[in-house]
Structure formats: C-alpha cells, structure tokens
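No lab work stands behind these numbers, since they all come straight from the coordinates. Because the structure is predicted, anything quoted here is derived from the model rather than measured. Heads up, the Cβs are rebuilt from the backbone with ideal geometry, glycines too, and the neighbour counts pull from every protein chain shown.
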Amino acid sequence: MKKLLWLIFILLIGFIGLIYFSVSATDKEFETATIKEFKDIENIDFREHDSVLVAASSLYKTNPLKNIMQGENYREAWATLVKVPVLFLDTLYGGMEIVKEGGGTQTHSLRLKDKDGYLYSLRSVNKDPSTHVLEFARSLRLENIVVDAISASHPYGDILTAALSEKANVLHTHPKVVFVPKQKFLGKKYNEKYGNRLFLLEYETEGEKNWTEYENVNEILDTKHLQELKDEYPEKVSVDKNALVRARLFDLLIGDWDRHAKQWGWGIRVEDDTFKAIPVAGDRDNAFFNLEGVIPGIISNESIEPKVRPFEEEIDYMPGLVYPNDVYFLTDTPEQIFNSEAKKLQELMTDEAIADAFKAWPKEIYELDGKEIAEKIKSRRENLVEYAKEFHRIISEKELLSKPLKGSEDAKISPELIKCFECGS
C-alpha cells in the first residue's frame, strides 16, 4: 500500500513538473507580425509595395510537450506566411480621420472616419494579453499560460466568419486583413503602437451612416443607445427577433462563445413611424475556438469556466453559451421562431455554401485548418434544430435581469427596461 501511495505521489509531482515546465518562462508577452521579405523594416518605403508576405505571429512556437499540455491549437496558422495588402490611411477611401483609440484589454484598435462620414475600426490581429497576467504568475514565471492561450483563437477566423455570414444572411462588418506600416499619418502618438502590424479593417457596429444592405436604416446604435431609444419611444422600438435568433444560432454553428452585449450593434430601420432594430455582430475573435491540451481542458471544464467553450463537432455545454443579453432580448420569444430559423440555416448552410465560404481564406490557411473546421460546422448544422430547442429552453427558464447589461451600466433608462427589452412596453 505504501509503495502504491509513493508511486502516486511521484507521478503527481512529475505531472506538476511537466505543467510548470510547459507554461513557464516566456521571453515575450506580445509580438507584432513577422514580415518575410524585409529584415530592416524601419527603413523600408512600403509605398513601393502593394502587399507583403507576413506571418501573424511566431510567439506560439511549440514542442511535443507543449502540444500535449497546452494543445496544438492554431499555432501553425499564426506562424504561416500569407500575402496581405499594404494600407495607408491618408489615401484609404479618399483619406481617413482618426476619431479615437479604442479596443478592449487585449485588442488594440483605432476608430476611423472616411470623407463621407462612414465609421471603420482598425482592430489588431495580434493580441496583447499582458494586462491579464497576474503579478503572482509573473513572479512564478507562469505568464505563458495566459500568453499562449491566444493560440486557441484563429488569426483569420473573422474573415471566414464574414464569408459564412453571407451564406447565412447574417449581418457582419465585412472585415479585411491588412498590413499597416509606420506612416506619417499616424504621427508620434500612434506609430509605435499601430505601425508595422496586421489589422482587421471593418465597419464599426455604430454610426450615423448606413453601410448595411438594408434600406431605410437611419443609424447604427450600440446596445446601450438602443436601450435609451427604447426608453424614449417604448411603443415604437422593437427588435427583429427572427434576425437575432438566426444570428445567435449562427454563433452556435461557428462556435463563437464570446457574445456579450458589447459585441453587438443594431441597424435602426425606420418603418412608418416605428423603429426596427436589426442585430449586427461584431468582434469575431473567438469563433472556431480550438481549445486543446491537458491544461486548457481542465480550465474549460463547465464547473470552472462555463463560458469558454471549445469548438468541437458537438456542443458540450449549452448553458455556458447563453448570455444575459439573450435573456434580455429573447424572453417570451416563441419556440417556433427558434425552430424555423434553425431550419432556414440548415437550408442555407449547404455543403456547397460552406465550401464556397472557405475561398475567403488563403490557400495556405485552408490547407492547415479548413477541412477540420468545415466538418465541425456540418456536424453542428445537422443538430441545429435540437440545439435551438435547448437554447430556447434555457432562456425561458432564466429569471429577468436584475442588473444592467455589460456596457449599459450608465444607460439612462427606466428600472423596468433594465429587466428586459419589452418589460417597459
């Protein structure tokens, strides 16, 4: 018995040692893109080049132990060279104006406005997780467990999501991958942070100009301002529930688990004297989230972190994918809407449509990840009606909200409107 206990103890110590060795001591917490052709990019005149061969990041290099402990994820995609256009902001769409700096804690972004008043976002492909690394982790040299987790996100997932959204008739922000060199337009204030990096250039999910294909859209609002419009005109403002249900079921298809209230814009369509809000999905960084390895498998356990769901052929834990904004906007929505939208998506997302959407990816990236992701989408599609029923059931069993949605903490709305979108109508 003692020998067995000693053996278990030795194995446990060995396992802990493997974990520590795998996640410890990273040289960098952040890295910009790697360009193949030029060694001294500071002295290159990029105006002489319309494109560059660039790898999103070499920060996630691996070894057999890391593959086991932290997963293969999308490491190869991050390190693969792809051809992307070079972007100069002073000439883009007739010349851009920098409105403000934005982004979350990991994504660096600039909000831009063109000469016609359309708003765009320049969002970094490379993420900066340094603010998420706790001091005790740094002191133990364990920051790599946070840094390396970025490799579970696909660097070109937004591009594929947009192409699939077209097939599904779901509004999206039309992202394009671009290389932004250092340039006079950025000036001292922005050049060091935003120069010589890969970005997604896409429409903003708010603004006064209508870039959607819908007619009579007079503006695009974020969730907070949609709530304030509802508070001002309670009987005249509604949400297109069919469009919202379809968008959320589409999220289930592509495994995008990060869909809180700040990830959405709303196209406000004027119909007679009423306003219909059509959802616009933004920030697709966590679509196709490929969470592999021993450590991520433990962390993503539904009892530890229920909202971080890996993209597998089947959805493993539906409650983790239901957000407060789902309850807020879809409470009392008939199950029939969920069922009918699921069936419409199944009809739209044919094998041929899915294959055609993958043409948005460079050949090099498709050869790495295309077939596996496509098979997972098809598998989820086959079960979509069942997923829709479960999604509806969970929403219907949730209590109404007792606190504001994320991003709406300072919204000027009535107490009833905090509970749900139709509570004050």
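Can you compute the charge dipole magnitude of segment 293-402 about its Cα centre, using +1 on each Lys and Arg Cβ and -1 on each Asp and Glu Cβ, nothing else charged? Give it in debye, rounded to the nearest 20. Don't skip to the answer; put the middle values down first.
Details: 14 positive and 24 negative charges, 37 e Å.
Taking the Cα centre of segment 293-402 as origin, the dipole is about 180 debye.
Straight distance only, please: which aspartates and glutamates reach the Cα of Lys188 with their own Cα at less than 15 Å, same-chain residues fewer than 8 apart left out?
Excluding near neighbours in sequence, the set is Glu42, Glu101.
Going highest first, how would you order 148-159, 223-234 by mean Cβ packing within 10 Å?
Details: 148-159: 24.9, 223-234: 19.1.
The peptides rank, most packed first, as 148-159, 223-234.
Among Pro362, Trp257, Leu401, whose Cα lies farthest out toward the positive end of the dipole of segment 213-425, if unit charges sit on the beta carbon of Lys, Arg (+1) and Asp, Glu (-1)?
Leu401
Taking the Cα centre of segment 291-425 as the origin and placing charges on Cβ (Lys, Arg +1; Asp, Glu -1), which of Thr333, Ala374, Ile413 is farthest toward the positive end of the dipole?
Farthest towards the positive pole: Ile413.
Can you work out the PRE-style zone for Ser414? Point 7 Å along Cα to Cβ, and I want the residues of segment 198-238 with backbone N under 16 Å.
227-238
Just tell me which lysines come within less than 24 Å, Cα to Cα, of Lys182; anything on the same chain fewer than 8 places away is out.
Hits, sequence-local ones excluded: Lys28, Lys36, Lys39, Lys83, Lys100, Lys113, Lys115, Lys127, Lys193.
Roughly how many whole Å is it from the C-alpha centroid of segment 336-394 to that of segment 215-236?
31 Å
Once you list every other residue whose beta carbon is under 14 Å from the beta carbon of Tyr214, what net charge do they have if Lys and Arg are +1 and Asp and Glu are -1?
That works out to -2.
About the Cα centre of segment 213-425, what is the dipole size in debye to 20, counting +1 per Lys and Arg Cβ and -1 per Asp and Glu Cβ, all else neutral?
Once rounded to the nearest 20, the dipole reads 220 debye.
Tell me the Kirkwood hydrodynamic radius of segment 213-425 in angstroms, computed as one over the mean inverse distance between distinct C-alpha pairs.
18.4 Å
Counting only DSSP beta bridges with both residues in segment 213-425, tell me the antiparallel percent, nearest 5. Write down the numbers at each step before the final one.
Details: 13 of 16 bridges.
Among the beta bridges of segment 213-425, antiparallel pairing accounts for roughly 80 percent.
Round to the nearest 0.05 the FRET efficiency obtained for Glu335 and Lys184 when R0 = 45 Å and r is the Cβ-Cβ distance.
After rounding, the FRET efficiency stands at 0.20.
Which of the lysines could be linked to Lys343 by a straight reach, that is with a Cα gap under 29 Å, when you skip same-chain ones fewer than 8 residues away?
Lys343 reaches Lys167, Lys241, Lys262, Lys276, Lys307, Lys359, Lys371, Lys376, Lys378, Lys389, Lys398.
Return the FRET efficiency for the residue pair Glu347, Asp272: r is the Cβ-Cβ distance, R0 is 41 Å, and the value is rounded to the nearest 0.05.
Working: r = 31 Å, r/R0 = 0.76.
E between Glu347 and Asp272, to the nearest 0.05, is 0.85.
Can you tell me what percent of all Cα-Cα pairs in segment 232-279 are more than 16 Å apart?
Value for segment 232-279 (Cα pairs over 16 Å): 46 percent.
First check a/c for segment 287-382, with a ≥ b ≥ c the square roots of the eigenvalues of its C-alpha gyration tensor; if it is under 1.5, answer rounded, and if not, answer prolate when a/b is larger than b/c or oblate otherwise.
Working: a/c = 2.47, a/b = 1.11, b/c = 2.24.
Judged from the Cα gyration tensor, segment 287-382 comes out oblate (a/c at least 1.5, b/c at or above a/b).
Between Lys193 and Glu305, 0.36 nm times their residue separation minus their Cα-Cα distance comes to what?
37.1 nm
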